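Computed from the coordinates by the stated procedures, all read-outs in this text should not be read as laboratory data. Note that the coordinates shown come from a computational prediction; the quantities given were computed from them, not determined experimentally. FYI the Cβ positions are ideal-geometry reconstructions off the backbone, even for glycines, and counts take in every protein chain you see.
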């Protein structure tokens, strides 16, 4: 358990809802859910969620801290925004899902092997480096996400598509070294740093 | 006879009637067959000129039976109002031309229809008398109000604003009723966010300051006799003194009794002091008066509270209430706010299965509760375990798991039990019969509230779940006792604001009835009707069927068992007339003859003409309007149909059925309002009674060797426009199948 997580448990004890309200992006909306279930019914990936949004909200109110934060459910969200559009109480459900996922990550209790989580991390690391997504490296990292042998297998399987993309000019081998960046890389880094500071102020307050 | 009959028939040529019908022939029919002394045509009868034509004949020619052959009796009622005459409307527009195609082939049968309706109108006029008030009326501009809660006080204040005196009789020692026990009330004004002051003290002050209102505290009604316009009430105070006063009408605002939570042993009510009802929490909140609420057992400031909704309600368990009391969800939100507004850190959980917050601001109030941090958990409580702190065991219906929470205080949202007085004679008989069958003990009857001096019982009849009402959607406040109106939770469960609205409505109804009764006019739904039932004593067999079947308790009995009519209590439905086996009961303008002679006036073609005749007896409240609307939509039905409106299916005499069969009708259709639990009968029990009677018609038909299909009874709602025409056309094809009646001469 990370230090941050321990201190949060201490701070809020049984009142997980208050913790969510204080630290999770758009978390103050959770209490307004009226349990109609329209979000769960509208989610295209609904059947694959262990706990649909409506249920997550109820779990938060019931104080099920560990179950919620270590859940894979909110990682299933594909940001289609169907739930936001349909929620009669106008809850920003998509944002709350991402907020919960992010908060769990900050506390270090997110489901580590969850593929969406892994991809999201790879994507972020890739993007944060130069301010541009390096597709070649993103692909390579993704292939070898589950080890060398698995990576080679996947790479072999995708070889045809890769060569085709090279030929069509959709992929450049030059990207392997350095890759393209934003014009003002220093400025970009400063911007990200500031944003992270602001966010940390909210999460850690 | 001072009332020498002179029929004037007036045929309108407007609205296309003259284009489709041979008006000259209609006029001939009226004078030759209908024996109308005067018959006139007019291009536009409902115009000022047309009405003047009729009025002139009444004034100068001595016409006292007016037959208007024009549109439906439901149209142009304002234009065709004549005093001191019997008015008959014959429906040539909606009844004939609008339901028939404008073709050459149809012309003959359409004309036959028109001729028959003119004959029927004249026959009805021949046997109708101009209605006159009986002279038993009284005018008392004072209203008796039973109950001094918010409903009763509102009724008194509203009546006073309209210039009426009223007397409140309150059983307890103070005004205010249940509302006086509340700390705050559910909000009534936008933004519906916070509990409001009850305002009951201001209301009591206003009542006490009003010169039109007299208040009797610690008093009960020991006898209420008479009828609307002249109710005579004995008001007895605790000290034993009795005062008799006259009233025009009565508002019963006897409120509710809180549900006895001691049956809820599973929730440890009575065992644990920290399990309280909503009303008991109000007392705790009042005591705290905005400060921290302390729990009863040890005076600890409450830091966590759980509200269990539907405790002993919406349940079919023995001793529980079947109904939803409608106010408790909002009340729990309000009470959770008592805690949250004082200290937002107090945990307040509302455990509900279906959250219902009726009213304009209900949803806003729910949101406001959520914003303040009240937790709403969908679940069912199974048990409250009593120890130092009560523990609520429940099944969470969203998370689908059994769980439990320990809290400082548990509040049970128990419901309202109507305080509607004792049972009627009929209800007691039903109870006795049930007790005999099941071997259970007869339940102890409640104390009477009104102590009515009526043959049928001491209080107004109860409807679903013991509430005193007759039909809360179609005609609220009306009870089955004319001139007595119920308001507030005795009528249906409700909160303070709804009770205020309710009492205002009931007060207006009461004023209306006091005035109507004085003029001998009927109350809803035959508002303004001057006719009333009378009976031929020589013919009466004292069978008491009329006194038993009257839905409104209007008929008493004298020592010999003859019926005694109370005209002002009568709603003029005619159920007594339909009940009478010896046909001695009649109204001036509605009797066995006015209908019986109409059906005899129909021209019945002989068997080989292939023109059957179908008689429709349609209830004027729903079925007849449905037929009119079908006509307005130009929906066609069989040209062989002859429709006679009746006041209620309950007024249909079996003699009309046998008469119509004997005179050669091939089929009879009876159309009444839906009966049973979800009844729509405007006279409550009329159509149900008729259904029962008609159950035996099949045997009569068999004894005449007629097919059972020839008489059919239907329940028609006002919206059944498609259905009515379908029923008629189906009857025509049925007759085609089974053949014409053998009774044509």
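Which residues in the range B:546-562 have a backbone N closer than 19 Å to a point placed 7 Å from the Cα of residue B:696 along the Cα-to-Cβ line? Under cut-off, by backbone N: B:546-551.
Placing a label point 7 Å from the Cα of residue B:322 along the Cα-to-Cβ line, the residues of the range B:436-462 whose backbone N sits under 16 Å from it are B:462.
Once the Cβ-Cβ distance of residue B:294 and residue A:28 is raised to the sixth power relative to R0 = 30 Å, the FRET efficiency obtained is 0.45.
Computed extension gain for residue B:743 through residue B:606, at 0.36 nm per residue and net of the alpha carbon distance, reaches 48.4 nm. Remark on the protein assembly as shown: hydrodynamic radius 34.1 angstrom, per the Kirkwood mean of 1/r across alpha carbon pairs. Relative to the current alpha-carbon distance between residue B:654 and residue B:383, full extension at 0.36 nm per residue lengthens the span by 91.7 nm. Model label points for residue B:341 and residue B:107, set 7 angstrom from Cα along the Cα-to-Cβ axis, are 7.9 nm apart. Applying 1/(1 + (r/R0)^6) with R0 = 41 Å to the Cβ-Cβ distance of residue B:736 and residue B:632 gives a FRET efficiency near 0.90. Note on the range B:318-341 and the range A:142-166: Cα centroid distance 62 Å, given to the nearest whole angstrom.
Determine, from the Cβ-Cβ distance of residue B:239 and residue B:190 and an R0 of 60 Å, the FRET efficiency 1/(1 + (r/R0)^6), rounded to the nearest 0.05. Rounded to the nearest 0.05, the efficiency is 0.80. The helix-only estimate of mean residue ellipticity at 222 nm for chain B, built from DSSP H runs of length n ≥ 4 each weighted as -39500 (n - 2.57), is -9000 deg cm²/dmol after division by the residue total.
The modelled label-to-label distance for the pair residue B:286/residue A:66, using points 7 Å beyond Cα in the direction of Cβ, is 4.8 nm.
Compactness ratio for the range B:259-415: Cα radius of gyration over 2.2 N^0.38 Å (N = residue count) comes to 0.96. For a label point 7 Å from the Cα of residue A:184 along Cα→C-beta, name the residues of the range A:130-166 whose backbone N is under 17 Å from it. Within reach of a label on residue A:184, which here means backbone N under 17 Å from a point 7 Å along Cα→Cβ, the range A:130-166 contributes A:130-132. Nearest 10 degrees, 0 to 90: what angle lies between the long axis of helix B:150-161 and the longest principal axis of chain B (Cα atoms)? Taking Cα atoms only, the helix is inclined about 50 degrees.
The residues B:236, B:214, B:353, B:438, when put in order of fewest to most other Cβ atoms within 10 Å, stand as B:438, B:353, B:214, B:236.
First check a/c for the range A:115-198, with a ≥ b ≥ c the square roots of the eigenvalues of its C-alpha gyration tensor; if it is under 1.5, answer rounded, and if not, answer prolate when a/b is larger than b/c or oblate otherwise. Because a/c hits 1.5 or more and a/b fails to exceed b/c, the range A:115-198 counts as oblate. The fewest-to-most ranking of B:203, B:28 by surrounding Cβ atoms within 10 Å reads B:28, B:203. Counting other Cβ atoms within 10 Å as a rough exposure proxy, the listed residues B:494, A:32, A:97 run A:32, B:494, A:97 from fewest neighbours to most.
Taking the helices alone, chain A has a mean residue ellipticity at 222 nm of -18500 deg cm²/dmol, built from -39,500 (n - 2.57) per DSSP H run of at least 4 residues and averaged over all its residues.
Rounded to the nearest 10 degrees, the angle from helix B:425-438 to the longest Cα principal axis of chain B is 70 degrees. Give the angle, between 0 and 90 degrees and rounded to the nearest 10, that separates the Cα long axis of helix B:362-371 from the longest principal axis of the Cα atoms of chain B. It works out to around 20 degrees.
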